[in-house]
Number of protein chains: 2
Amino acid sequence: MSRSGADLALLLLGGYRTLVEAAQVELAERGYDDFRPVHDFAMRAIAAGADSASELGRRTSVSKQAAAKTIAVLVERGYVAREPDPGDARRKRLQVTPLGFDVLRQGETIFDELRASWARRIGSAELAALESRLRELVGDDAVRADAPGWVAQAEG
Amino acid sequence: MSRSGADLALLLLGGYRTLVEAAQVELAERGYDDFRPVHDFAMRAIAAGADSASELGRRTSVSKQAAAKTIAVLVERGYVAREPDPGDARRKRLQVTPLGFDVLRQGETIFDELRASWARRIGSAELAALESRLRELVGDDAVRADAPGWVAQAEG
DNA sequence: AACCATAGACAACCAGGTTGTCCATGTCCA
DNA sequence: TGGACATGGACAACCTGGTTGTCTATGGTT
């Protein structure tokens, strides 16, 4: 029985952390090493149309320089391709590669499996209730929005 | 209605982040600038008896060097005092100062107020249920343990 | 043609971590 | 008592994921 607000915060962090750590381990076992939430965020934004470093920065609430650094690692790992934009010589067009989509899909699956295992433990209804209370409290957009800045940090 | 495991993770992160950001802002308004969870953790460990950098490192699952860096900022801000240990010339004894206890107490109060405001929004019973489900899922020790490494990162 | 906005590269810096090395001190044991 | 080992802390170099500032090349507008 926690009466303490600080404990509540730690429980929430603990939940996030538990899921992410498990996902990271599982992803590593499937051959995608050192894949972090920040990479996932960036790739999703790119897949969703952020096709340049500046645009990625804007969409993820991060400086274009920070975005460029993340892109550099994604390119190096083969998850994202960067090629000159034929229509604008300033830009380098970004594209998620097939390998990149693989890791996105697997990450998604893993998180869904983790959620399912939680549902088995406390019951589907309870989990759904937990989610909807939380959604009420933090708002729907906490889920999209500028998680990255934070996500970057809530890792290990 | 989220079916997605990824959304669940983001909701949890969003919750943590919402609380911490609000607390940070409020603490800053009360004159404690740039006080981060990592500082809170370290000070609590010191107050609980981690009276040297090495010991603090052990208790917070961090290298002694990292602990020393954190201590340096706490000392610089006057939250922690560091003085030679009379009984062992290798050690520097750490102590939370009265100012340090102030900020701890206020942080605690702020988090409790935030929790209360959440309780007003979704109902005490609902919030308590949310906490106990979460506790079931992540375990009690997620609340204590080695949050620091993570906390360090789940900031802004 | 002149001017301004934009994309991206590069460099310096910050926080909070890591590892490795080193020295001074303390402890233990033959 | 002396030598071996363990411990505390300082220092330096490095990592990641951010920041700001500056610079160049290109594009768009008037």
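Rule-based calculations on the coordinates, nothing more; no lab input. These figures come from a predicted structure and were not determined experimentally. Methodologically, a virtual Cβ is constructed for each residue, glycine included, from the backbone with ideal geometry; neighbour enumeration extends over all protein chains shown.
Details
- Beyond 23 Å in Cα-Cα separation lie the following of the pairs B:LYS64/B:LYS92; B:LYS69/B:LYS92; A:LYS64/B:LYS69: A:LYS64/B:LYS69.
- Calculated label separations, A:THR97, copies of the chain, 7 Å along the beta-carbon direction, nm: 5.4
- Straightening the chain between B:ARG3 and B:GLN95 buys 28.3 nm, computed as 0.36 nm per residue apart minus the Cα-Cα spacing.
- Pseudo-label separations to other copies for A:ALA128 - Cα-to-Cβ vector, 7 Å, nm: 2.5
- Restriction of the trypsin sites (Lys or Arg not before Pro) in segment B:56-96 to DSSP coil positions whose beta-carbon has at most 13 other beta-carbons within 10 angstrom yields B:ARG90.
- Magnitude of the charge dipole, segment B:5-151, Cβ model with Lys/Arg +1 and Asp/Glu -1, debye to 20: 400 debye
- Position B:ASP85, label points 7 Å along Cα→Cβ, spacing to each other copy in nm (shortest first, one decimal): 6.0
- The calculated FRET efficiency for the pair A:ALA125 and B:GLU76, based on their C-beta separation and a Förster distance of 41 Å, comes to about 0.20.
- Amide H contacts of B:ARG93 (H built 1.01 Å from N, under 5 Å, at least 5 apart or other chain): B:GLU83, B:ASP85
- Cβ-based charge dipole, segment B:5-151, positive-most Cα from B:VAL96, B:PRO86, B:ALA9: B:PRO86
- Rg/Rh ratio calculated on Cα atoms of segment A:1-139 (Kirkwood radius): 1.06
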